[in-house]
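Structure first, then comments.
Quick note: the coordinates plus some simple rules give every number you see, no bench work behind them. This structure is a prediction, so every number in the text was calculated from the model and none was measured. Using ideal geometry, Cβ is built from the backbone for each residue, glycine included, and neighbour counts are taken over all protein chains shown.
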Amino acid sequence: MANELLIDQATYLEVGVHIGTKVKTPGMKRYIYKVREDGLYLLELSTIDQKIRQAAKLLAQYEPKNIVVTASRIYAIASAAKFAEIIGAKLISGRVVPGIFTNPNRSDYTEPSIALLSDTRNERQAVKEASSTSIPIIALCDTDNWIKFVDLVVPCNNKGRKSLALMYMLLAREFLKEKGLIKSNEEFNYKVSDFEAKMEMKAK
């Protein structure tokens, strides 16, 4: 299986991209393949890989300037910002304010063709705004995320610093390949560390 993956299986496992939470929502149940002894749900690796490909293919159907990426958590902001910079998308970091997709009178009003969300829980306003205006939604979803109104779920650990960096790196690389801007992985001049938040969040 490892040869068929976008990146070697050991790298996926090392960053914990498959390690979920101890909470399982009904919508995410289908992506879980087992529960660890400590109660954490584990996501199916080949499905994660497949969904990254699907997300990149879907995003590549749009002009980068019409793609909005939302990120609310500190680790996600760093990874999403690098992704947006590389592909030329618009980043909304922090809180998604009401009306940003729906109220043309707002100074920060934007009308994306598609939205990529880092976390449907923290970015539920983005889900609400996008779904009410029929903007397609792609979302990175952990085992505890609700997926109502999400058009394409990309299951993954969307809380870990290294996991988010890898997810956004692969999405950027595959997007550029789908667009024909690069022909091979070797032409992608970025490393996972380029997408990684430079600070560690301290446990309270």
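Overview of results
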quantity	calculated
Neighbourhood charge, 11 Å Cβ-Cβ cut-off, centred on S193 and excluding it, Lys, Arg +1 and Asp, Glu -1	+3
Chymotrypsin sites (Phe, Trp or Tyr not before Pro) within the range 77-119, DSSP loop, no more than 14 other Cβ atoms inside 10 Å	Y109
Proximal charge balance of T102 [Cβ under 11 Å; K/R count +1, D/E count -1]	0
Quotient of C-alpha Rg and 2.2 N^0.38 Å, computed over the range 137-194	1.28
MRE, 222 nm, helices only [DSSP H, n ≥ 4, -39500 (n - 2.57), over the chain, to nearest 500]	-9500 deg cm²/dmol
Selected from N145, N103, N157 as most flexible by GNM, with the chain as the system and alpha-carbon contacts under 10 Å	N103
Proxy reagent accessibility, fewest Cβ within 10 Å first, across S193, S79, S93, S163	S193, S93, S163, S79
Rg over Rh [alpha-carbon atoms, Kirkwood Rh] for the chain	0.95
Spatially proximal lysines relative to K191 (Cα-Cα < 23 Å; intrachain offsets below 8 disregarded)	K51, K57, K82, K90, K159, K162, K177, K179, K183
GNM flexibility winner over the chain from A60, A165, A139 (Cα, springs under 10 Å)	A60
Amide proton proximity set for I114, modelled H, under 5 Å, gap of 5+	V68
Residue of L116, L171, L13 that the Gaussian network model of the chain assigns the largest fluctuation, springs spanning Cα pairs under 10 Å	L13
Charge context of E178, other residues only, Cβ under 14 angstrom, K/R +1, D/E -1	+3
